[in-house]
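Scroll down for the structure; my scribbles are underneath it.
The values are calculated or read from the model by the stated rules, or taken from the named source; none is laboratory data. Just so you know, these numbers come straight off a predicted model, no measurement behind them. As a convention, Cβ positions derive from the backbone with ideal geometry for all residues, glycine included, and neighbour counts pool all protein chains shown. Each accessible area value is taken on the protein alone, full model and side chains, heavy atoms only, with ligands, DNA and RNA left out. Shrake-Rupley method; radii C 1.70, N 1.55, O 1.52, S 1.80 Å.
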Amino acid sequence: MKILIVGSGGREHALGWKLSQSPTVSELISAPGNPGLAELGRCVPIKVDQPNELAAFAMREQVDLVVIGPEAAAAAGLADSLAKVGVPCFGPSQAAAELESSKAFMKDFCARHGIPTAEYKVFDDAIRAKAYLGDREPPFVIKADGLAAGKGVIIAETRREADAAIDEVLFLKKFGTAGQRIVIEDFLPGEEASFFALCDGETAIPLQAAQDHKRAYDGDKGPNTGGMGAYSPAPVFSDVVRDQTMERIILPTLRGMKAEGRPFVGVLFAGLMISADGPKLIEFNVRFGDPECQTLMRRLKSDLATVLLAAAKGELKNAPVLEWDTRPAVTVVYAAQGYPDEPLAGSVIRGLADADAIDQVKVFHAGTRLDEDGTLRANGGRALNITAIGDTLREAVDRAYAGVAAINWPGGFCRRDIGWRALG
Ligand code: AMP
Ligand code: GLY
């Protein structure tokens, strides 16, 4: 199989790393890729939101499967463009991607299909939105409708803060057009987990759960980020919770999307709050989590290429059961100083090979670039993902931080407490 991976993050490097171990994969191409992916195959400079260019390239190269990494590619209609030229694609159509690209669509969809999620209402009018708060209890959860790089959620402890948040999003356009509409929803108590299922439009097969660390600094302090670290499995996600999640959330979503003419193909990522009465849906994403994906790829033993192709072709029903390493995996995100607000660009990173040489440690590239003379530099916020596996989570975490210690990057920082909740 010749596979094209679309994206340039740590998630895509981890997918590429796993795919390149497959005996069924003959060539891996990335668009636009990164220095880690460049070690696995060609990188072509086509952007993720250029569906027609990507489809033309895939057809010209006679690619057997396109794997969509980021939501931006799906939301831009890449799967639709590929369908037109007959190239199999692992990733959702533009219409199916609305589960992530419009929170209002997602909430209304859940209401139509009885999927457990927080009570909510959608507004484009600040006065009505503020009046609604009068009937609710704090904390108030206010979300921009559209894609806002994981930053479009404000949790307000007081009415004043909530009113200010509504004004910032609707009037001051803090999130641009993503905030033309807002969703206000009730706060869900509990512990969060990310769960993933592979879907082919009709059949879903469960992957594993992971836990992410969204805040920038130790102790879950500081601004929200795309994720500063993750571990899998997630202890809070028991087999009972997994079965409840499949029965109450994933399968009804798959049936509902098909019935509404938007069959979902790709990986469905359920952001969950695990409460006393089972899992509640916080959000859907239509792609692997980053950095959760890196931990899943470290634990997956089965052939990834075969199962992604089966999903793309609507043949998951006959796919073999996936096998997983039962040992925990962890990933620590090493980010440029200043991330997420103003990441310092271009600082030099050294010592990657030393980190990679540590037993059970693998470093994935995210926002990095390589100078012509071979110097590696930061290129964006989250630059590296140091992943490790161990007999215990403690062992995996210690190995990952040994990897961090081997890297010489004065311009970077990472959280020092990844996994704290599960380590106790
Ligand atoms: P989202 O972008 O929807 O995943 O939201 C970002 C983060 O805000 C989530 O990971 C949760 O920690 C938090 N959050 C979002 N919605 C709720 C909610 N209804 N109740 C509690 N926390 C929430
Ligand atoms: N790490 C969370 C996400 O990918 O959205």
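Note on W324 and V348: the extension gain reaches 5.0 nm, defined as 0.36 nm multiplied by sequence separation minus the Cα-Cα distance. Entry note: segment 1-156 has Rg to Rh equal to 1.11, where both radii use alpha-carbon atoms and Rh is the Kirkwood radius.
Rounded to the nearest 20, the Cβ-based charge dipole of segment 345-397 about its Cα centre (Lys and Arg +1, Asp and Glu -1) stands at 280 debye. Taking all protein chains into account, the per residue accessible area for segment 146-225 stands at 47 Å² (1.4 Å probe).
Per-residue extension of 0.36 nm, minus the Cα-Cα distance of D218 and F187, leaves a gain of 8.8 nm for this segment. Given R0 = 35 Å, the distance between the Cβ atoms of E39 and K151 translates into a calculated FRET efficiency of 0.65.
About the centre of its Cα atoms, the chain shows a dipole size close to 240 debye [charges on the beta carbon of Lys, Arg (+1) and Asp, Glu (-1) only; nearest 20 debye]. Here segment 144-201 and segment 28-90 have alpha carbon centers that stand 29 Å from each other. A Stokes-Einstein calculation at 37 °C with viscosity 0.692 mPa s, built on the Kirkwood radius of the chain over Cα pairs, returns a diffusion coefficient of 151 µm²/s.
Among L188, L384, L308, which one moves the most in a GNM of the chain with springs linking Cα atoms closer than 10 Å? Comparing L188, L384, L308 in the GNM, the peak value goes to L188. Across every pair of non-identical alpha carbons in segment 103-166, the mean reciprocal distance, once inverted, gives a Kirkwood radius of 12.6 Å. To put it simply, the accessible area of the chain at a 1.4 Å probe is 49 percent carbon and sulfur. What is the dipole size for segment 134-190, taken about its Cα centre, with +1 at each Lys and Arg Cβ and -1 at each Asp and Glu Cβ, in debye to the nearest 20? The calculation lands at about 280 debye. The length gained on full extension between K84 and Q337, counted as 0.36 nm times the residue separation minus their Cα-Cα distance, comes to 86.8 nm. Computed over segment 200-279, the range of Cα coordinates on each principal axis works out to 44, 25, 19 Å, biggest value leading. Ranking S26, L133, L54 by Cα position along the charge dipole of the chain, where only Lys, Arg, Asp and Glu carry charges on their C-beta atoms, puts L54 farthest toward the positive end. Amide H to amide H distances under 5 Å link W324 with K301, where only residues 5 or more positions off or on other chains count and H is placed in the peptide plane. When the chain is treated as a GNM, springs tying every alpha-carbon pair under 10 Å, which of G289, G266, G412 comes out with the largest mean-square fluctuation? Judging by the Gaussian network model, the answer is G412.
Quick one: compute the contact order of the chain, relative version, from alpha carbon pairs under 8 angstrom and 6+ residues apart, as a percent. Show your work: numbers first, answer last.
Working: 1015 pairs, mean separation 67.3, N = 424.
Across the chain, relative contact order equals 16 percent.
Projecting the Cα atoms of L281, L370, V66 onto the dipole axis of the chain, where Lys and Arg carry +1 and Asp and Glu carry -1 at the beta carbon, places V66 farthest toward the positive end. Taking D391, D145, D218 as the candidate residues, the one with maximal mean-square fluctuation in a Gaussian network model of the chain, Cα springs under 10 Å, is D391. Listed here are the pairs K174/K280; K313/K362; K103/K173; K2/K84; K84/K174; K151/K301; which of them are more than 26 Å apart at the Cα? Exceeds cut-off: K174/K280; K313/K362; K84/K174; K151/K301.
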